[in-house]
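To start, the structure under review is shown below, and the notes come after it.
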Amino acid sequence: MSLYDYPRYYDLVYGSDWKAECEFLTGVFDRYVDGKTKRILEPACGTGRLMFRLEREGLLVDGLDLNEKAVTYCNRRLIKHGFRPSARVADMTDFQVSSKYCAAFNTINSFRHLEHHAQARDHLRCMARAIRKGGVYVLGLHLSPVSGDPVEEESWIARRGHLCVQTSMWLVERNLKKRYERFQMRYDIWTPTNHQVLDDQFNFRTYSQHQFEQELLSEIPKFEIAATYDFSYKLDRPIHVDQHSEDVVYILKRV
Ligand SMILES: C[S@@+](CC[C@H](N)C(=O)[O-])C[C@H]1O[C@@H](n2cnc3c(N)ncnc32)[C@H](O)[C@@H]1O
């Protein structure tokens, strides 16, 4: 069982921050993509909470995700809003595209689901093939800082109509040598007549700045770092990434 098998709850739990992300993404496309941005790809699109909103901005957005339930949910919503069902089931480490994209985005750590170096490298290679020269890949992930305690616990509540979901997420184990963090995630779901609890555990691969930039990205010479931001998504406030940085959004330019 994975919490990604419950797209309705996922979408509620992660749905609220869309405005800042969408504005940031369209701003990044305007500023960093050479020429006009039209076709976009979201690998690991999940429920596509950003896809239909970017379509509303006039962009053509395709998505791919391993989870069939999330893809079905995503396509249903795209159709409901009058757009193409443009998400498909595919593995972001091994996919082909029929024509190249101007830009792509992958925020909130989905990239860190790729637990092994070869998977991360294969994903970046696929992305380099999928994006045209002069395009960008917007990749957001938490780095593991070399000192200080990174955030280890989060809890928040989201409501839609009569549905209320409290999400709690906490670190179970961190092994920086073996390069993983194991998280436990719990949904407490309330409807007027029921209370249900769903539990899940998953691993994220860990990256220091050096591991991401020097050990991984340097293997993909078709991507260069054009700018870096943090998860506050302020286009006028790029950040300088160093070994103490945590949340980083890399703007990778396809050269
Ligand atoms: C945190 S969700 C993010 C969904 C979406 N990008 C968003 O911002 O709401 C992570 C997604 O990554 C997907 N995923 C994990 N590994 C994948 C892989 N190898 N290929 C494609 N999708 C994958 C999961 O199925 C899940 O939907």
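Here the chain is assigned +1 on the Cβ of each Lys and Arg and -1 on the Cβ of each Asp and Glu. Its dipole about the Cα centre then comes out at about 1140 debye. Largest first, the three principal axis extents of the alpha carbons in region 108-232 are 55, 34, 26 Å in whole numbers. Which of rounded, prolate or oblate describes the chain when judged by the alpha-carbon gyration tensor and an a/c cut-off of 1.5? Here the chain falls in the oblate category. Straight-line reach from K178: taking Cα to Cα under 12 Å and skipping same-chain neighbours fewer than 8 places apart, the aspartates and glutamates in range are E115.
With kT/(6 pi eta Rh) evaluated at 25 °C and eta = 0.890 mPa s, and Rh the Kirkwood radius from Cα pairs, region 16-76 diffuses with a coefficient of 203 µm²/s according to Stokes-Einstein.
Partner aspartates and glutamates whose Cα lies under 15 Å from the Cα of K38, excluding those fewer than 8 positions away in the same chain, are identified as D30, E55, E57, D62.
With the biggest extent put first, the Cα atoms of region 153-205 measure 46, 15, 13 Å across the principal axes.
None of the figures in this text is laboratory data; all of them are computed from the coordinates on show. The structure displayed is predicted, hence computed values, not measured ones. Don't worry about glycine lacking a Cβ; one is built from the backbone with ideal geometry, like all the others, and counts go over all protein chains shown.
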